[in-house]
Amino acid sequence: MNLRSTIEEIVEKHLPDQEHFVVEVQLIENASKPQLKILIDADQGVSIETCAFISRQVGEEIEAKELLSDAYVLEVSSPGVDYPLNSKRQYLKNVGRKLKVTLIDGRETEGQLLSVGPSDIKLKVVKKEKGKKATEEELEITLEEIKKSIVLVSFK
């Protein structure tokens, strides 16, 4: 098992409940000190207190097991609104919100996330054609086709 997987297992063990989940664990070694970035999320959002708790627990276990021999920087946070969705659970959390989806072939589309299926998502997309009234249509996109999805924040 590699170091990233081992650390991910440690994080999962210390999550406070089933509502919380690991989004990503990154070990960046090109800095003066290695950086360990842990992104966690929850169905109802992540509190600063939860991030601090995870940071303490994971840091203590990494030290006890001597997983990182040198000094390192540990950062635990939620992904933030501009971070791409990368798990089905994140899509489920954002049903009803507007997404910008970039496909593997480079095409982009924006629409309201209506539902998440076993292997696809469904968006409500507004089609605008010059000289015609805008129409709405549902668009199914398989998760395999998606290169990146970002939640679009509205300040209305």
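The values are calculated or read from the model by the stated rules, or taken from the named source; none is laboratory data. The model shown is predicted, which means the values in this text are computed figures rather than measured ones. Glycine gets a Cβ as well: all are built from the backbone with ideal geometry, and neighbour counts include every protein chain shown.
Residues that are surrounded by 16 or more Cβ atoms within 10 Å (Cβ to Cβ), farther than 26 Å from Val153 by Cβ and of a type in the set (A, V, I, L, M, F, W, C): does segment 38-51 have at least one? So that I can check it myself, show each step before the final result.
The first filter runs over segment 38-51 and keeps only residues surrounded by 16 or more Cβ atoms within 10 Å (Cβ to Cβ), leaving 38-42, 46, 50-51.
Pick out the ones that are also farther than 26 Å from Val153 by Cβ and you get none.
No.
Could you check segment 138-156 and list, in sequence order, the residues that are charged (D, E, K, R), farther than 16 Å from Asp105 by Cα and in a strand (DSSP E or B)? Spell out the reasoning first.
Quick first cut of segment 138-156, residues charged (D, E, K, R) only: 138, 140, 144-145, 147-148, 156.
Now narrow it down to the ones that are farther than 16 Å from Asp105 by Cα: 138, 156.
Of everything in segment 138-156, just one residue is charged (D, E, K, R), farther than 16 Å from Asp105 by Cα and in a strand (DSSP E or B), namely Glu138.
Determine which single condition Glu129 fails, assuming it passes every other condition in (1) over 22 Å from the mean Cα position of the chain (by Cα); (2) closer than 29 Å to Glu29 by Cα.
(2)
So which residues in segment 24-40 are over 21 Å from Gln90 (Cβ atoms), among the charged types (D, E, K, R) and in contact (Cβ under 8 Å) with a residue 12 or more places away in the chain?
Lys33
For segment 117-133, name all the residues that are modelled with pLDDT under 95, assigned to a strand (DSSP E or B) and either within 30 Å of Ile7 (Cβ to Cβ) or aliphatic (A, V, I, L, M) (or both).
Val125, Val126
I'd like to verify a number: residues in segment 66-104 that are exposed (fewer than 12 other Cβ atoms within 10 Å of the Cβ), of a type outside the set (Val, Ile, Thr) and touching a residue at least 40 places away in the same chain (Cβ under 8 Å), how many?
Initially, segment 66-104 is screened for residues exposed (fewer than 12 other Cβ atoms within 10 Å of the Cβ), giving 66, 69-71, 80-82, 96, 104.
Now narrow it down to the ones that are of a type outside the set (Val, Ile, Thr): 66, 69-71, 80, 82, 96.
From the residues that got through so far, the ones that are touching a residue at least 40 places away in the same chain (Cβ under 8 Å) too are 82.
Final tally of qualifying residues: 1.
Here is a check on your reading of the model: is Ser55 closer than 20 Å to His14 by Cα, free of Cβ contacts under 8 Å to residues at least 24 places away in the same chain, crowded, with 16+ Cβ neighbours inside 10 Å and outside the structural domain of Lys128 (by TED's automatic domain parsing)?
Numbers: closer than 20 Å to His14 by Cα: yes; free of Cβ contacts under 8 Å to residues at least 24 places away in the same chain: yes; crowded, with 16+ Cβ neighbours inside 10 Å: yes; outside the structural domain of Lys128 (by TED's automatic domain parsing): yes.
When the stated conditions are applied, Ser55 passes them.
Out of curiosity, is Glu63 over 10 Å from the mean Cα position of the chain (by Cα), among the acidic types (Asp, Glu), at negative phi and not assigned by TED's automatic domain parsing to the domain that holds Ile10?
Working: over 10 Å from the mean Cα position of the chain (by Cα): yes; among the acidic types (Asp, Glu): yes; at negative phi: yes; not assigned by TED's automatic domain parsing to the domain that holds Ile10: no.
In short, no.
May I ask you to say which residue of Asp41, Asp82 is part of a strand (DSSP E or B), of a type in the set (D, E, K, R) and closer than 30 Å to Ser119 by Cα? Spell out how you get there, then give the answer.
On the way: Asp82 fails: part of a strand (DSSP E or B).
Only one candidate passes the filter, namely Asp41.
If you check Val101 against the conditions, is it at pLDDT 95 or above, touching a strand residue (DSSP E or B) at 6+ places or on another chain (Cβ under 7 Å) and within 25 Å of Ile121 (Cβ to Cβ)? It would help to see each step written out before you state the result.
Working: at pLDDT 95 or above: yes; touching a strand residue (DSSP E or B) at 6+ places or on another chain (Cβ under 7 Å): yes; within 25 Å of Ile121 (Cβ to Cβ): yes.
Yes.
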